[in-house]
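To start, the structure itself, in structure tokens.
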Amino acid sequence: MTQAPPALPIWDEFPHVLHTHQFSAEALEVLVQHTQAFEKAFAKRQPLPRKSRKRPWLVKLMFFEASTRTEDTSWLAAHRLHMRVRTIPHPQTFSSAAKGESLTDAIAALTRVGGLGEMRAADCLVIRHKDEGSASLAAKVVDTANGDGEIKLPLPVINAGDGTGQHPTQSFVDLYTIHQERRNGNHPLENITVLFSGDLKRGRTVNSLLYLLGKFGERHTIRVLFSTHSELGPKQDILQYLARHRIHYEFVPEFPNAIPQADVIYMTRIQRERSDGANYTTLDRGRYVFRKEYLSHLKTGAFVMHPLPINRDPEDPPAEIDDELTPLALKKDPRCAWFRQSHRGVPVRAALFDIIFAHIDAMIKKQTA
Ligand code: ASP
């Protein structure tokens, strides 16, 4: 007898995806399984394992801050699901934000919720903005205005990075990467040690991933190591959260001492656009660089991840991952996972869109029955 596929999860504040606290371990496991099915179908050019109906959903991408991967893979994921996508070009410079418009007014205009009841101008919003809390604000605007019509049609807001806050879909990509890359003969999170380096204070991908790992603290033995400048350590509330969720953490000031202990090394760039110049220029950045010679110090099966971009500005050396490792990463060396990690943005975001719209389909069906 074939096993029934797991029921699609629903999470707190559904259908929005604002931060990783919203998700239970069960919901995250189902997202991983659904992503595996999408990745397989994409690779073999098979019919997609979609649960949502093909409707002309319109996904609107609003990136008020620079993006290479998140915007592109959100576009590709929606496109592969046959959704329509509209990208607002450089909203920070070319939209009315440049004329002093508030985010609330911009969201109301670009979704056209709360308007005349005509067709909406978006069915899903993917937003990146420099202010922490901006995605939650967008969700509030949409929810306040929505639902006056006969059919209450939720409009999901997906946080694609809110300042120094969170970047939840990146940590879904990170979790999925750990699932696909870690071969420990057991659950990929069992007995894992994850080493974080770089900007742990302002890096939103680090915040999201730490909160996400906390969701698994009851089920798996997870150890976290932090090795970075004392000025760039993780936020206190995250440390308290880790302790409450049975995640053991330690600070290891000397980076080379931390490397041989880790199964996953999560490098990040220093968020220089969010730093006050003074503390950026006084840091001895060479101390926390993953160098080629460290490959031989890795535990068997260990690998390096990075949410990207790596700061390779020649005016601003050193890069946090040695450029000598780039050819290895391009040739899919199992120890250098960062390009594979970023490519997984497409199946992860496709699986997420599909889960969200499958639930919205079900709501429509119920309301029109
Ligand atoms: N791309 C990631 C983000 O948007 C990481 C970074 O920018 O450093 O947060």
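General remarks:
- Where Gly277 falls short, out of the listed (1) closer than 23 Å to Glu65 by Cβ; (2) surrounded by 15 or more Cβ atoms within 10 Å (Cβ to Cβ): (2)
To keep it simple, each residue is scored yes or no on (1) closer than 23 Å to Leu200 by Cα; (2) surrounded by 16 or more Cβ atoms within 10 Å (Cβ to Cβ); (3) not hydrophobic (A, V, I, L, M, F, W, C).
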{"position": "Ala302", "(1), (2), (3)": "yes, yes, no"}
{"position": "Met305", "(1), (2), (3)": "yes, yes, no"}
{"position": "Ser342", "(1), (2), (3)": "yes, yes, yes"}
{"position": "Phe353", "(1), (2), (3)": "no, yes, no"}
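- The residue of the range 192-204 that is farthest from the ligand (Cβ to nearest atom), among those that are part of a loop (DSSP other than H, G, I, E, B) and touching a residue at least 40 places away in the same chain (Cβ under 8 Å), is Leu200.
- When Gln180 is tested against (1) assigned to a helix (DSSP H, G or I); (2) within 16 Å of the ligand (Cβ to nearest atom), exactly one condition is not met: (2).
The rows are residues; the columns are (1) within 25 Å of Thr144 (Cβ to Cβ); (2) in contact with a Cys (Cβ under 9 Å, 6 or more places away or on another chain); (3) surrounded by fewer than 18 Cβ atoms within 10 Å (Cβ to Cβ).
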position: Thr35; (1), (2), (3): no, no, no
position: Met62; (1), (2), (3): yes, no, no
position: Thr73; (1), (2), (3): no, no, no
position: Thr104; (1), (2), (3): yes, no, yes
position: Asp123; (1), (2), (3): yes, no, no
position: Ile127; (1), (2), (3): yes, no, no
position: Asp131; (1), (2), (3): yes, no, yes
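- Verdict on Thr221 being among the hydroxyl-bearing types (Ser, Thr, Tyr) and within 22 Å of Trp338 (Cα to Cα): no
- Residue, nearest to the ligand (Cβ to nearest atom), within the range 252-288, restricted to residues that are of a type in the set (Gly, Ala, Ser) and touching a residue at least 24 places away in the same chain (Cβ under 8 Å): Ser275
- For first residues located in the range 157-170 and in contact (Cβ under 8 Å) with a residue 24 or more places away in the chain, partners that are near the ligand (Cβ under 9 Å from one of its atoms) and of a type in the set (A, V, I, L, M, F, W, C) and lie 6+ apart or on another chain with Cβ distances below 8 Å form the pairs His167/Ala160; Thr169/Ala160.
- Members of the range 295-332 that are within 13 Å of the ligand (Cβ to nearest atom), touching a residue at least 60 places away in the same chain (Cβ under 8 Å) and either outside any loop (DSSP other than H, G, I, E, B) or more than 28 Å from Tyr280 (Cβ to Cβ) (or both): Met305
- Residues in the range 333-349 that are within 25 Å of Arg45 (Cβ to Cβ) and part of a helix (DSSP H, G or I): Phe339, Arg340, Gln341, Ser342, His343, Gly345, Val346, Pro347, Val348, Arg349.
- The condition of being free of Cβ contacts under 8 Å to residues at least 24 places away in the same chain, in contact with a Phe, Trp or Tyr (Cβ under 8 Å, 6 or more places away or on another chain) and among the aliphatic types (A, V, I, L, M) holds for only one of Ala97, Ala27, that being Ala27.
- Selected residue (criterion: nearest to Asn311 (Cα to Cα)) from residues of the range 68-82 that are within 12 Å of the ligand (Cβ to nearest atom) and assigned to a helix (DSSP H, G or I): Arg69
- Arg291 passes every criterion in (1) more than 16 Å from the ligand (Cβ to nearest atom); (2) out of contact with any strand residue (DSSP E or B) (no Cβ under 9 Å at 6 or more places or on another chain) apart from (2).
- Residue within the range 210-226 that is out of contact with any helix residue (DSSP H, G or I) (no Cβ under 7 Å at 6 or more places or on another chain) and within 16 Å of the ligand (Cβ to nearest atom) present: no
- Qualifying residue in the range 333-356 (condition: touching a Cys at 6+ places or on another chain (Cβ under 7 Å) and free of Cβ contacts under 8 Å to residues at least 12 places away in the same chain): no
- Residue list for the range 53-67, restricted to those being closer than 23 Å to Ser171 by Cα and either more than 18 Å from the chain's Cα centre (by Cα) or more than 16 Å from the ligand (Cβ to nearest atom) (or both): Val59, Lys60
- The residues listed here are Val17, Val85; of these, the one that is β-branched (Val, Ile, Thr), without any contact (Cβ under 8 Å) to a residue 40 or more places away in the chain and touching a helix residue (DSSP H, G or I) at 6+ places or on another chain (Cβ under 9 Å) is Val85.
- Screening the candidates Arg45, Arg53, Arg80 for the property of being buried (at least 17 other Cβ atoms within 10 Å of the Cβ) and out of contact with any strand residue (DSSP E or B) (no Cβ under 6 Å at 6 or more places or on another chain) yields one hit, Arg80.
Any read-out appearing in this document is the output of simple, stated calculations on the displayed coordinates, not a laboratory observation. What you see is a predicted model, and the numbers here were worked out from it, not measured in a lab. Because the Cβ atoms are built from the backbone with ideal geometry, glycine has one as well, and the counts that use them run over all protein chains shown.
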